[in-house]
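These notes concern the structure reproduced below.
The values are calculated or read from the model by the stated rules, or taken from the named source; none is laboratory data. Because the structure is a prediction, the values reported are computed rather than measured. Neighbour counts are summed over all protein chains in view; Cβ atoms, including those assigned to glycine, are modelled from backbone coordinates with ideal geometry.
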Amino acid sequence: MSVVTIERKVLEKNDQLAAENRDALTRLGIFTINMVSSPGAGKTTLLERTIAALNGRVRVSVVEGDVQTDLDAQRVARYGVPVVQIVTNGGCHLEARLVRDALEQIDLTATDLLVIENVGNLVCPANFDLGEDLKVVVLSVTEGDDKPLKYPAMFQRASVLVINKVDLVPYVDSDVSVIRRNARLANPDLQIFETSCRTGEGIAEWAGWLAVQAERRRAS
């Protein structure tokens, strides 16, 4: 019982800070996504390809979350966008407080799209609101068809699914149509994109959708 009580208090405090983050970002006209996935699904490479595809159409800022190192932040910074690295030192997810602190290091008045790349994990990040507009779950075909069934909470709380590495379908025991079906069993409302960072398949469509969301937010 005490464990449940402590967890509830932690989540309540996080949700309060997340709401404050969301209010601040919304007032500034910033569209914010929280990218989540298992390790190795290709979030950072997808982010790199997305920034390149947007090509200045919207002003992107990035918050990178990782257990150790700032390697991902270094990769993203090469694309000329503001990026702040959060190192959790073993923590399995980002929290709203960490994001709030990171935002203090970004010129939000020069940001249209904020991408928060969460720690690679399909469990804990599902429970922690960071103040984003929506969660984007990235799933590579190499992980198999059953991930949405094994980790339903993440797919239930996401608004978008990006099925990544589709160029590898001929070489793995995976079926994109089955991934789609299983994902929609968890969440019938998921918007789904299929991408390959190697061939470029689907990147323009995904980046274009993001640009439209950011432009709508900015206009409102």
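Would you mind stating whether Asp70 is surrounded by fewer than 20 Cβ atoms within 10 Å (Cβ to Cβ) and either touching a Gly at 6+ places or on another chain (Cβ under 7 Å) or not β-branched (Val, Ile, Thr) (or both)? If you could, list the steps in order and put the result at the bottom.
Working: surrounded by fewer than 20 Cβ atoms within 10 Å (Cβ to Cβ): yes; either touching a Gly at 6+ places or on another chain (Cβ under 7 Å) or not β-branched (Val, Ile, Thr) (or both): yes.
Yes; evaluated as a whole, the condition is true for this residue.
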Sole exception among (1) more than 15 Å from the chain's Cα centre (by Cα); (2) assigned to a helix (DSSP H, G or I); (3) closer than 19 Å to Gly42 by Cβ for Arg217, by number: (3)
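Among Leu139, Leu122, which is the only one that is crowded, with 17+ Cβ neighbours inside 10 Å and in contact with a Phe, Trp or Tyr (Cβ under 8 Å, 6 or more places away or on another chain)? Explain how you work it out, then say what you get.
Numbers: Leu139 fails: in contact with a Phe, Trp or Tyr (Cβ under 8 Å, 6 or more places away or on another chain).
Of the residues listed, the single one that is crowded, with 17+ Cβ neighbours inside 10 Å and in contact with a Phe, Trp or Tyr (Cβ under 8 Å, 6 or more places away or on another chain) is Leu122.
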(1) under 17 Å from the mean Cα position of the chain (by Cα); (2) under 30 Å from Ala19 (Cβ atoms); (3) modelled with pLDDT of 95 or more all hold for Thr109 apart from (1)
Scope the range 110-159; condition among the polar types (S, T, N, Q) and outside any loop (DSSP other than H, G, I, E, B); matching residues: Asn127, Ser140, Thr142, Gln156
Quick one: would you say Asn21 is of a type in the set (S, T, N, Q), modelled with pLDDT under 95, part of a helix (DSSP H, G or I) and surrounded by 14 or more Cβ atoms within 10 Å (Cβ to Cβ)? no
Can you name the residue in the range 24-59 that is outside any helix (DSSP H, G or I) and aliphatic (A, V, I, L, M) and is also farthest from the chain's Cα centre (by Cα) among such residues? Leu28
So for the range 110-118 (the condition being in contact with an Asp or Glu (Cβ under 9 Å, 6 or more places away or on another chain) and hydroxyl-bearing (Ser, Thr, Tyr)), does at least one residue qualify? no
Residue under question is Val136, and the condition is that it be aliphatic (A, V, I, L, M), closer than 23 Å to Arg180 by Cα and in contact (Cβ under 8 Å) with a residue 12 or more places away in the chain; does it hold? yes
Kindly indicate the residue of the range 184-215 that is within 19 Å of Glu132 (Cβ to Cβ) and touching a residue at least 40 places away in the same chain (Cβ under 8 Å) and also surrounded by the fewest Cβ atoms within 10 Å (Cβ to Cβ) among those meeting that condition. Glu215
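Hey, could you check the range 97-133 for residues that are without any contact (Cβ under 8 Å) to a residue 60 or more places away in the chain and in contact with a Cys (Cβ under 8 Å, 6 or more places away or on another chain) and say which is nearest to Leu210 (Cα to Cα)?
Per the criteria, the residue is Val119.
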Of the residues in the range 145-183, how many are small (Gly, Ala, Ser), farther than 13 Å from Ala126 by Cβ and crowded, with 17+ Cβ neighbours inside 10 Å? 2
Failed condition for Ile106, given (1) out of contact with any Pro (no Cβ under 9 Å at 6 or more places or on another chain); (2) surrounded by 15 or more Cβ atoms within 10 Å (Cβ to Cβ); (3) farther than 27 Å from Ile163 by Cβ: (1)
Taking the range 60-93 and keeping residues closer than 18 Å to Pro39 by Cα and part of a loop (DSSP other than H, G, I, E, B) leaves Val67, Gln68, Thr69, Asp70, Thr88, Asn89, Gly90, Gly91, Cys92, His93
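How many residues, within the range 86-113, are of a type outside the set (Asp, Glu), within 23 Å of Leu11 (Cα to Cα) and touching a helix residue (DSSP H, G or I) at 6+ places or on another chain (Cβ under 9 Å)?
The first filter runs over the range 86-113 and keeps only residues of a type outside the set (Asp, Glu), leaving 86-94, 96-100, 102-103, 105-106, 108-111, 113.
Filter once more, so that each one left must be within 23 Å of Leu11 (Cα to Cα): 86-94, 96-100, 102-103.
Now drop any that are not touching a helix residue (DSSP H, G or I) at 6+ places or on another chain (Cβ under 9 Å), which leaves 86, 88, 91-94, 96-97, 99-100, 103.
Result for the range 86-113: 11.
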